[in-house]
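All remarks here apply to the structure that follows.
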Amino acid sequence: MLKLLLIDDEEGIRKILAISLGKDGYLVSTAKDGKNGLEVFNREKHSIVLLDIKMPGMDGIEVLKHIKEIHPATEVIIITGHGDMDTAINALKHDASDFINKPIKDEALAIALKRAKERLSIRKKLKEYTEDLEHMVKIATEEVKRRAEFQNKLITISNDGIIATDGWGNIITYNQGAEIIFGHRRNKVIRKMNIADLYPEPIKEEFIQGLHQEIAIDHFLWREISIVSKDGESVPTRFSGSILFEKNEVIGSVGFFRDLREVKRLQQELIKSERLAATGQTVAGLAHYIKNILIGLRGGIYVTNIALAKNNTEKLKSGWSMIERNVNRITDLVLDLLSYSKERKPEFEDCYPNEIAEEVCALLEPKAKENHINIIRDFDDSIGKVSMDSQAIHRILLNLVSNAIDACIFDSSDKKIWAVQINTAREHNHMIRMDVSDNGFGMDEGVKKKLFTSFFSTKGGKGTGLGLLVTQKIIKENGGTISVDSTDGVGSTFTIRLPYRGME
Amino acid sequence: MKVLIVDDDADVRVFVSTVVEENNHTSIVAKNGEEALAKIKEEKPDLVILDVLMPKRSGIKLYRELKTDDSYKKIPIIMLSGIAKRTFLRSQEALTEFGEEGVPEPEAYLEKPVEPEELAETIKETMA
């Protein structure tokens, strides 16, 4: 039921209207003057007020002002004297909703009340809508806030250092991970430092240029860089980053830094323990290998002595060559051990790689022929005089071609015509490529895996397992690469690439 | 007497055949198990001196084949290897455990490096 307040100084009107409005379904209060009316209104907060404008004491306009102050949404219908338009307009100026003339006609009152009710209803709906909308906005805001907090938390707890900047490079995000790597406290960095103060040289430039769009780059791929922390420690990290855009405008940047200290430490430890395990294996393998050399030396001495006693020159040659060969084998072994255990700087000098390859082929040809293996040479004539580590090439090729020959010798197939092929080729970016292929016994996956990782030999007592390790080490020292392609029972191809300087 | 020397190392072949010849025997050589089998068939040696680790039919396999073949099992064999005797015997036991026929121990086993006198002595004892 709508509450209605009737303020009129004429008792007759109050009584009649109260009765008829009560019948129309309003909860009617009455007051005889402005002062009394405001008291009642303050208590009840009526939705509609019928207000006589001409009253003794406080006049209607005053009462209207007060009501609108107390409760602006109240529908105030003014009752004016007939033809008193000025008063009516004045009342409307003060936010009265409507006016009716005295003497009050039922019809006019009914229309005024109907309009007031409609306005009340619209206002109520509007209020509901507004409240709904406010509620929705509140929920949405909370959701946005929750998500932002969630993302913030993700950034905070990330082990990776995350550093974000605005479009000018001022740091606005700097998480715990970043603290651990860079050493600066968050409160000394966020909104106080620029990436120019924090980032190391190479990426600092790239980020600044990226932010200014001097270089068309928006993403920095993963790479390893070293961060010098606040305390001067050099921290290895894996870094990537991005320039951030919104509608083609640069809005900032972000950098991700993964701390590699622990990984590096574990790697070091692993290498150490692998070395130790390998040493044990090597000693056993070496002992066997040395026994074979020893029997060659003893045998050589024996044969030489017999030949001397009998004055047999033919036998003397054979005994002496045994001694020579085994002295060479032990020399090679010692050299291999030394080059495996010591760092060696490549010694660049002018040389002809094809000639070195030919030397190696010629050196090993007798052994190959003895075992019915063809050595095929396919050299790239465009390789001329270059500056390379000629000793390294010699060692590497000698090793790989010997291995290839052994792979044929140890092959138990009886249908193959064995061949070892040596290719040389000049590649772009100043690399010489050499392939050593054989159609010997090949390798299965297990052997391939062990190939470069330990002192591993497929040749029983005839190998030390040092050859490929040394080969790989020399190639690395020379800044080259080695790869292998092999099929069990079919053969193997070793491919090496070595950088060269200058070519005539 | 005819002695077959089987070793993939040329130095060992020259050394052992010199010892054999110095002791007034005839020497023939083979550089792997396959060649050895052919030479045994052809030349019918009175003694085989055999290495263990070789390409193309290892000494482990050849030894087994000879000792389980009625035509050859009587030929005495001296194993001459860098591998310890017990390792060689263990490998033969393993093959037997796998269901292959059991084989007797070799007539003699010498570990490399071997002194010429010891080798000559062993040849003499084995042939006796």
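The values are calculated or read from the model by the stated rules, or taken from the named source; none is laboratory data. No experiment lies behind these values; they were computed from the predicted model shown. Cβ atoms come from the backbone with ideal geometry, glycine included; neighbour counts cover every protein chain shown. Side chains included, ligands, DNA and RNA excluded: accessible areas come from the protein's heavy atoms. Shrake-Rupley method; radii C 1.70, N 1.55, O 1.52, S 1.80 Å.
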Sole miss for A:Leu120 among (1) free of Cβ contacts under 8 Å to residues at least 60 places away in the same chain; (2) assigned to a helix (DSSP H, G or I) is condition (1)
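When the residues of the stretch A:124-158 are narrowed to those that are under 29 Å from the mean Cα position of the chain (by Cα) and basic (Lys, Arg), which ends up nearest to A:Tyr174 (Cα to Cα)?
A:Lys153
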Would you please name the residue that is least open to solvent (accessible area, probe 1.4 Å), looking only at residues in the stretch B:74-128 that are within 18 Å of B:Gly33 (Cα to Cα) and aromatic (Phe, Trp, Tyr)?
B:Phe88
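Looking at the stretch A:339-354, which of its residues are in a helix (DSSP H, G or I) and surrounded by 13 or more Cβ atoms within 10 Å (Cβ to Cβ)?
A:Ser339, A:Tyr340, A:Pro353, A:Asn354
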Some residue of the stretch A:73-81 being within 60 Å of the chain's Cα centre (by Cα) and either under 19 Å from A:Leu120 (Cα atoms) or of a type in the set (Val, Ile, Thr) (or both):
yes
I'm trying to understand the selection: among the residues of the stretch A:303-333, which are of a type in the set (Val, Ile, Thr) and either in contact with a helix residue (DSSP H, G or I) (Cβ under 8 Å, 6 or more places away or on another chain) or crowded, with 17+ Cβ neighbours inside 10 Å (or both)?
A:Val303, A:Thr304, A:Ile306, A:Thr313, A:Ile323, A:Val327, A:Ile330
Looking only at residues that are open to solvent by 60 Å² or more (accessible area, probe 1.4 Å) and of a type outside the set (A, V, I, L, M) in the stretch A:395-420, which one is farthest from the other protein chains (Cβ to nearest Cβ)?
A:Arg395
Considering only residues of the stretch A:226-240 that are open to solvent by 20 Å² or more (accessible area, probe 1.4 Å) and not small (Gly, Ala, Ser), which is nearest to the chain's Cα centre (by Cα)?
A:Arg238
Selection over the stretch A:1-56 where residues are in contact with a Lys or Arg (Cβ under 7 Å, 6 or more places away or on another chain), open to solvent by less than 20 Å² (accessible area, probe 1.4 Å) and part of a strand (DSSP E or B) yields a count of 1
Given the conditions (1) in contact (Cβ under 8 Å) with a residue 40 or more places away in the chain; (2) within 18 Å of the chain's Cα centre (by Cα); (3) assigned to a loop (DSSP other than H, G, I, E, B), every one holds for A:His184 apart from (2)
Looking for whichever is open to solvent by 80 Å² or more (accessible area, probe 1.4 Å) and either out of contact with any helix residue (DSSP H, G or I) (no Cβ under 6 Å at 6 or more places or on another chain) or not small (Gly, Ala, Ser) (or both) here; the options are A:Leu109, A:Leu133. Which one fits?
A:Leu133
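If I filter the stretch A:63-101 down to residues being in a loop (DSSP other than H, G, I, E, B) and touching a residue at least 24 places away in the same chain (Cβ under 8 Å), which single residue comes out as farthest from A:Asn42 (Cα to Cα)?
Here the residue is A:Asp84.
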Residue, least open to solvent (accessible area, probe 1.4 Å), within the stretch B:25-45, restricted to residues that are out of contact with any Leu (no Cβ under 9 Å at 6 or more places or on another chain) and away from chain A (no Cβ under 13 Å):
B:Thr26
If we keep only residues of the stretch B:1-12 that are in contact with a Lys or Arg (Cβ under 7 Å, 6 or more places away or on another chain) and either surrounded by fewer than 22 Cβ atoms within 10 Å (Cβ to Cβ) or of a type in the set (A, V, I, L, M) (or both), then the residue farthest from the other protein chains (Cβ to nearest Cβ) is B:Leu4
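Among the residues of the stretch A:261-272, which ones are without any contact (Cβ under 8 Å) to a residue 12 or more places away in the chain and either on the phi > 0 side of the Ramachandran plot or surrounded by 12 or more Cβ atoms within 10 Å (Cβ to Cβ) (or both)?
A:Val263
Table: residues versus (1) out of contact with any strand residue (DSSP E or B) (no Cβ under 9 Å at 6 or more places or on another chain); (2) surrounded by 20 or more Cβ atoms within 10 Å (Cβ to Cβ).
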residue	(1), (2)
A:Ser242	no, no
A:Gly255	no, yes
A:Glu274	yes, no
A:Leu286	yes, no
A:Ile301	yes, no
Show the residue pairs meeting these rules: Cβ distance below 8 Å; 6+ apart or different chains; first residue within the stretch B:101-124 and within 14 Å of chain A (Cβ to nearest Cβ); second residue part of a loop (DSSP other than H, G, I, E, B) and β-branched (Val, Ile, Thr).
B:Glu111/B:Ile83
When you scan the stretch A:481-492, do you find a residue that is under 24 Å from A:Tyr352 (Cβ atoms), in contact (Cβ under 8 Å) with a residue 12 or more places away in the chain and assigned to a strand (DSSP E or B), even just one?
yes
Exactly one condition in (1) touching a residue at least 24 places away in the same chain (Cβ under 8 Å); (2) within 20 Å of A:Pro499 (Cβ to Cβ) is not met by A:Glu355; state its number.
(1)
Only one residue in A:Asp381, A:Asp336 is in contact (Cβ under 8 Å) with a residue 24 or more places away in the chain and surrounded by 14 or more Cβ atoms within 10 Å (Cβ to Cβ), so which one is that?
A:Asp336
Might you check whether a residue that is more than 9 Å from chain B (Cβ to nearest Cβ), of a type in the set (Lys, Arg) and either in a helix (DSSP H, G or I) or within 22 Å of B:Glu118 (Cα to Cα) (or both) occurs anywhere in the stretch A:281-297?
no
Within the stretch A:175-220, of all residues that are within 15 Å of A:Ser240 (Cα to Cα), among the aliphatic types (A, V, I, L, M) and touching a strand residue (DSSP E or B) at 6+ places or on another chain (Cβ under 6 Å), the one surrounded by the most Cβ atoms within 10 Å (Cβ to Cβ) is A:Ala178
